[in-house]
1. What are the semi-axes of the equivalent ellipsoid for the stretch 1-156, taken as the square roots of 5 times the Cα gyration tensor eigenvalues, largest first, in whole Å?
2. Kirkwood hydrodynamic radius, computed over distinct alpha-carbon pairs, for the stretch 183-276: how many Å, to one decimal?
3. Using the count of nearby Cβ atoms within 10 Å as a rough guide to exposure, how do 297, 391 rank from fewest to most?
4. In whole Hz, with x marking every Gly and Pro, tabulate ³J(HN,Hα) for the stretch 109-118 from phi via Karplus 6.51 cos²θ - 1.76 cosθ + 1.60, θ = phi - 60°.
5. Setting aside same-chain residues fewer than 8 positions from residue 138, which aspartates and glutamates have a Cα under 18 Å from its Cα?
6. For residue 362, give me every one of the aspartates and glutamates with a C-alpha distance below 12 angstrom, ignoring sequence neighbours fewer than eight places off in its own chain.
7. Using Cβ counts within 10 Å as a stand-in for footprinting exposure, how do 54, 276 rank, fewest first?
8. Report, by chain and number, residues whose modeled amide H sits under 5 Å from the one on residue 58, excluding near sequence neighbours (fewer than 5 apart, same chain).
Amino acid sequence: MGGEGKTRDSKVGTRKKTFSEVQAERLEQAQRTVLINCPAKISEKKFLTYLSHHGKINSHYFYESYGTYAVVEFSEKDSIASLQDVTRTPGIEEECAVPFKSRLFTLTLKNPSTQAAHQAPVHCHKQSTILINDLVQKLCSADSVSNQLYTLMDEYQLTEENTKLRFLVCSLIQDIACAYFPECTVKPFGSSVNTFGKLGCDLDMFLDLDEIGRSPTRAKTGPFYMEYQMKRVPSERIASQRILSVIGDCIDNFGAGCVGVQKILNARCPLVRFSHQPAGFQCDLTTNNRVAMRSSELLYIYGSLDSRVRALVFSVRCWARVHGITSTIPGPWITNFSLTIMALFFLQKRTPPIIPTLDQLKDLADAEDKHIIEGYDCTFASNLNKIKPTENTETLDVLLSDFFEYFGNFAFNKNSINIRKGKEQNKPEPSPLYIQNPFERALNISKNVQEKQLDRFVALARECAWILQQEDKGHSSLSNSQPWGLAALLLPSVASNCVKGKKKRGQASERIKSLLDSLKINNSESLVNNGGK
Ligand code: CTP
Ligand code: MG
């Protein structure tokens, strides 16, 4: 492994926060934060002085998305009320503003012509990944495949700023939902928080109403019980659909910056989908989805255990996207979530394993880690410091190549992938790709995948294993400055060669078959000649 990789690996084992600690800290931070649309040419100093009248500012940054925005975190929540006190409602001539006050503001200059004239635009933080061609070029200047993977991860992973923005959007949606359910919280889950998020990925949000349902400490004395009178519906699913339907309408009608609101209430997990324009990402709001929250925590643990895990997953996800194995449109494609589980499974199967199985994590669990959700056992250790670091020292050069080799030859027709056991198991039903849901064990997380999509994945994996092995044997194209290593795997030509290669290999296997046949004939002839001895 290159020097860079080693340094990052050495971070493993230092005290890391638990998933719940990170969530609580960031959600609280988000409540003290505002989002301000402002002119690109603005004096940062004057801007900060102006806002400081309302309280101390902890941090701020600018970014671009349909205009320039500032994310400003105050040190006290009260500062926001103070800012809101001096904020006007817009006076629009032909339209009418719905008077829902939020923490999303617009700041304008009193005298744009003089105030912006000699002003340079503010520095904006990046909120999206570099173009694939630029990435390929950048990868070529790394000094090993391993460092190519780390470079890709550095370019693609969510930044601190983007993560703050994601928590802020959750908090803004929470403000809307609070109009109905004052005790609710809206929390991010999925790739925004599971350590595998890429800049630009969607924001999965969980409307948590459990605090409302939690029983208060009952009065121990007195002859009575008190309980709320509440509407009753036949199932939790129906309750979720009703809640999401109303919150969806609220977001649509009152949510500043929320556009294209769609209520997808008949999905297995009902959701409201919309685009948060100022943030620049798509949001999926669900409720009653506690298991997914746990699977996000599980992935967070795996992603935090060893730096190779995230590096491999980011590269495999990028590779899959480039070649159309995954898609932004829902359909018969393999999803990022499935690919991540496949990569985790592969890392569990190394000798020695790079990450523990889910059952091993369950064995390390404390009493407070015990979680039974809707009858599913979602127990595993949440304290990262309890998990012994791996003794496996394989480089990512080897792991990437073996990942493709492994899945290029996996018996998908008979085996399923199971990260709870870290072992292949017989498929319980004939879906082309069967990946057991780690918690809802009767579910296949890749049930949507069709044979054709899986075949393409396998063919591309084989082609890529072959390319990396050729380079390893010294047949690399390094000499003529062609993309190499991971960069070579991201070229569109890989997919087209793959189709041609199939034909070539098809012809080759025909040749081998006839060769074997002729050997069989010769052999049986010689057996006859030797009298069968
Ligand atoms: N999930 C699940 N079972 C599925 C699909 C999703 O349990 N069949 C859960 C996972 O916890 C997943 C989360 O829902 O992380 C969000 O799903 P999705 O947005 O599809 O995946 P992400 O992991 O967020 O990846 P992406 O970056 O593609 O959004
Ligand atoms: Mg997602």
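1. Values: eigenvalues 294, 103, 44 Å².
After diagonalising the Cα gyration tensor, the semi-axes are 38, 23, 15 Å.
2. That comes to 16.0 Å for the stretch 183-276.
3. Details: 297 22, 391 8.
Listing 297, 391 from fewest to most nearby Cβ atoms yields 391, 297.
4. With the stated coefficients, the stretch 109-118 comes to 8, 6, 10, x, 5, 8, 5, 9, 3, 9 Hz.
5. Correct list for residue 138: 4, 154, 155, 397.
6. Correct list for residue 362: 377.
7. By the 10 Å Cβ count, ascending, the order reads 54, 276.
8. Result for residue 58 returns 73, 74, 75.
Each reported figure results from applying straightforward, stated rules to the coordinates on display, with no laboratory input. Nothing here was measured: the structure is a model prediction, and the numbers come from that model. Glycine gets a Cβ as well: all are built from the backbone with ideal geometry, and neighbour counts include every protein chain shown.
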